Amino acid sequence: MSSLDLLSIGRVSVDLYAEQPGVTMSDVTTFRKSIGGTATNVAVATARYGHAVALATRVGDDQFGRYVADALRNTFNVDPRFVAIHPTLKTPLAFAELDPPEDPTIIFYREPAAPDMEIETTPPLLDAVDTARILWIPASRFAFGRSRTTVTELLQRRNRKHHTVLDLDWRPMFWDSEEQAHAAISPMLDHVTIAIGNRKECEVAVGTYDPDEAADRMLDRGLDAAIVKLGGDGVMVATPQLRERLSPYPVEVVCGLGSGDAFGGAFCHGLLEGWSLPDTVRYGNAAGAIVAGRMMCADDMPTGPEVDAFLQERDPR
């Protein structure tokens, strides 16, 4: 089989979205089911642009696990060949309460452990790591379990081949402390070519909340590019040759969960198409804005024509 455009490694869950916005979980009456998790959503978002994408993760030997594999293949056009089955752990669930819509509450059910933290290497997975045009790794992979060892070994094997992307993806519920997260995430910067994160995630990784200083510290580690998300102030692109801030596209937020992953998928699309980093980030900002105005994550990732139409209306060039 030909090499992949993107191999994304990490978390998967069955996501249940409250269909009643602006109310607490105790008052929600119905939910809408999909799949989710940072690595999963980025894979789906990238596949929307027509790229060859696979997700490496692990699910339980249960109906939800079978739903994940089926949805990846038949709904989202993501290759599930690296979705392994764990014999005893259950497929995780995540409940999303859209209150407030711009900062939803997520309740994770991943106890006693999630199967995606028990990823193991196989010869086909090693081949995919060697040959994929982009390898995407969320930093939550290094929180604990077998995943930390396995993914570290995969990054070392990849040997900073272009493009190797670290999504700084710091989620407090997966770590005992910020100090523990820093100790695990910071060394991984020595194995990647691009890092992407918001200001807090960058602070956890490199010890400063200042975006310019954070970018400098990441570039000093040998990265080709540091992408720092600035919330309402847009996104900063930093390389050894340039530094530019790209403005966001304001929208009425329906659900704030999927916009960062939509940005990630669009960012991968731009890398694969050989665009400049500013143009790639501009496209990512547009994709993120589109998804912020929709309810779901994976199901609502935009297509290329949708992003093009959005940019033509909001930022014609």
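Nothing in this text is a laboratory measurement; each read-out follows from the coordinates by a stated rule. Please read these numbers as outputs of a predicted model, since none were measured by experiment. Here Cβ is always computed from backbone atoms with ideal geometry, including for glycine, and neighbour counts include all displayed protein chains.
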Would you work out the charge dipole size for the stretch 62-165 about its Cα centre, treating the Cβ of every Lys and Arg as +1 and the Cβ of every Asp and Glu as -1, and quote it to the nearest 20 debye?
580
Convex hull volume per residue for the stretch 162-317, taking Cα atoms only, in Å³:
112
Under a crude label model (7 Å from the Cα following the beta-carbon direction), how far is ARG73 from THR239 in nanometres?
4.0
Could you give each residue of the stretch 224-230 its phi-based ³J(HN,Hα) in whole Hz, using Karplus coefficients 6.51, -1.76, 1.60 with θ = phi - 60°, and x for Gly or Pro?
6, 7, 10, 10, 10, 7, 10
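If you average 1/r across every pair of different Cα atoms in the stretch 36-169 and take the reciprocal, what Kirkwood value do you get, in Å?
15.6
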Under 5 Å between amide H atoms, partner at least 5 residues away or on a different chain: which partners does ILE9 have, H built in plane at 1.01 Å?
ALA56, TRP136
Length gain on complete extension for the stretch LYS200 to THR303, per 0.36 nm per residue less the alpha carbon to alpha carbon distance?
34.1 nm
Value of relative contact order over the chain, rounded to a whole percent, pairs C-alpha under 8 Å and six or more apart
16
What full-extension length gain, to one decimal in nm, is calculated for ILE85 and GLU179 as 0.36 nm per residue of separation minus the Cα-Cα distance?
30.6 nm
May I ask you to work out the translational diffusion coefficient for the stretch 184-261 at 10 °C, viscosity 1.306 mPa s, via Stokes-Einstein with Rh from the Kirkwood sum over Cα pairs, reported in whole µm²/s?
122
Placing one equal point scatterer on each C-alpha of the chain and summing with Debye, one gets log10 I(q)/I(0) at q = 0.08, 0.15, 0.16 Å⁻¹ equal to -0.32, -1.26, -1.46
Spin-label pair ASP61/SER247, simplified geometry with 7 Å Cα→Cβ offset, distance in nm:
5.7
Evaluate E = 1/(1 + (r/R0)^6) for LEU93 and ASP279, where r is the Cβ-Cβ distance and R0 equals 51 Å; express this FRET efficiency to the nearest 0.05.
0.85
THR30 to THR122: FRET efficiency via 1/(1 + (r/R0)^6), r the Cβ-Cβ distance, R0 51 Å, to the nearest 0.05?
0.80
At q = 0.15 Å⁻¹, what log₁₀ I(q)/I(0) does a Debye calculation on the Cα points of the stretch 152-227 give, no solvent, two decimals?
-0.45
Nonlocal amide H pairs with VAL254, under 5 Å, H built at 1.01 Å:
GLY293, ARG294
Spatially proximal lysines relative to LYS229 (Cα-Cα < 18 Å; intrachain offsets below 8 disregarded):
LYS200
Between the modelled labels at GLN20 and ASP103 (7 Å from Cα along Cα→Cβ) the distance in nm is 2.3
Lys/Arg Cβ at +1, Asp/Glu Cβ at -1, dipole of the chain taken about the Cα centre: which of GLY37, LEU4, CYS255 is farthest positive-ward?
LEU4
